[in-house]
Each structure stands twice: as C-alpha cells, then as structure tokens.
1. Enumerate the calculated ³J(HN,Hα) couplings along segment 15-25 in order (Karplus 6.51 cos²θ - 1.76 cosθ + 1.60, θ = phi - 60°), each rounded to whole Hz, writing x wherever the residue is Gly or Pro.
2. In the Gaussian network model of the chain, springs joining C-alpha atoms below 10 Å, which of GLY52, GLY21, GLY74 carries the largest mean-square fluctuation?
3. What is the list of residues in segment 55-99 whose amide nitrogen lies under 15 Å from a point 7 angstrom out from the Cα of THR7, following Cα to Cβ?
4. Only helical DSSP H runs with n ≥ 4 go in: add -39500 (n - 2.57) per run for the chain, normalise by residue count and round the 222 nm mean residue ellipticity to 500 deg cm²/dmol.
5. Pick from THR15, THR86, THR76 the residue whose mean-square fluctuation is largest in a GNM of the chain, springs joining Cα atoms under 10 Å.
6. For segment 3-91, rounded, prolate or oblate, judged on the Cα gyration tensor with a ≥ b ≥ c (square roots of eigenvalues), a/c < 1.5 rounded, else prolate if a/b > b/c?
7. Picking from VAL47, THR23, LEU82, whose Cα lies most toward the positive end of the charge dipole for the chain (charges on Cβ: Lys, Arg +1; Asp, Glu -1)?
8. Residue-wise, which Karplus ³J(HN,Hα) couplings in Hz belong to segment 27-43, taking 6.51 cos²θ - 1.76 cosθ + 1.60, θ = phi - 60°, and x for glycine or proline?
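Since every read-out is calculated from the coordinates, none of them should be taken as a lab result. Quick caveat, the model's predicted, so the values are computed rather than measured. Cβ coordinates were reconstructed from backbone atoms using ideal geometry, including for glycine residues, and neighbour counts include every protein chain displayed.
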Amino acid sequence: MDHSTHTRLTEQELTEATLVGATVYGPGDEKIGEVSHVHGSGAEARVVVDVGGFLGIGSKPVAVAARDLDFMRGETVGVHALTRWTKDELKDMPAHRHG
C-alpha cells in the first residue's frame, strides 16, 4: 500500500472516536493489529492495540503512545497507522490491563 498518498491525522484528530478500529501496519506493511481503545487524546494519548489473534480471539492488548504510531487516512482504507515495531516486538510488551 502506498501510504505516501494518505493524509496524516492532526493532533486534534487523535481521539478515541477517530482511532478505535484503526488497523495498525508494521514495518513490512503487514497488518499487525487493531486499535481497541484510547486513553486521553492528542499526541500524549495512550493507544491500546490488540496484537495478533483472529477476530479478536487470542489477541494481546498492548498500550503505546499515540505519538509512536503514524496515524493517517486514505481514500479506500480509512484511518490506519504505521509502526516501526513488528508484531513480535509488540507481543513482547507488557499486556495492557483495564482498570
């Protein structure tokens, strides 16, 4: 996918309403997870990504800073993010616990 044609989200757009459901792509442009929820807003927000699994089963939630993901919007793919982390690197992070 050519992400260079996609529009980067502004800091004001980094909200739960915009980001939940966004697909996260790894450095090889492979799908590695999906945003399940967001704590806060803007660049300081914590984004919880469900990594791996299938249809939400067997996935591991990990929290990362919104500023560590490159969120953008494409005409056909909607809101999505790029990360420098691989699926295995994210899976090695501590699991996010609700509460």
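1. 10, 4, 4, 8, 8, 4, x, 5, 6, 10, 10
2. Top of the fluctuation ranking is GLY74.
3. Within reach of a label on THR7, which here means backbone N under 15 Å from a point 7 Å along Cα→Cβ, segment 55-99 contributes 71-80.
4. Values: 2 runs with 9 residues, N = 99.
Calculated mean residue ellipticity at 222 nm is -1500 deg cm²/dmol.
5. Highest fluctuation among the options: THR76.
6. It is oblate, given that a/c is not under 1.5 and a/b is not larger than b/c.
7. Farthest along the dipole direction, towards plus: VAL47.
8. Listing the rounded values in order: x, x, 6, 8, 5, 10, x, 8, 6, 9, 6, 9, 10, x, 8, x, 5 Hz.
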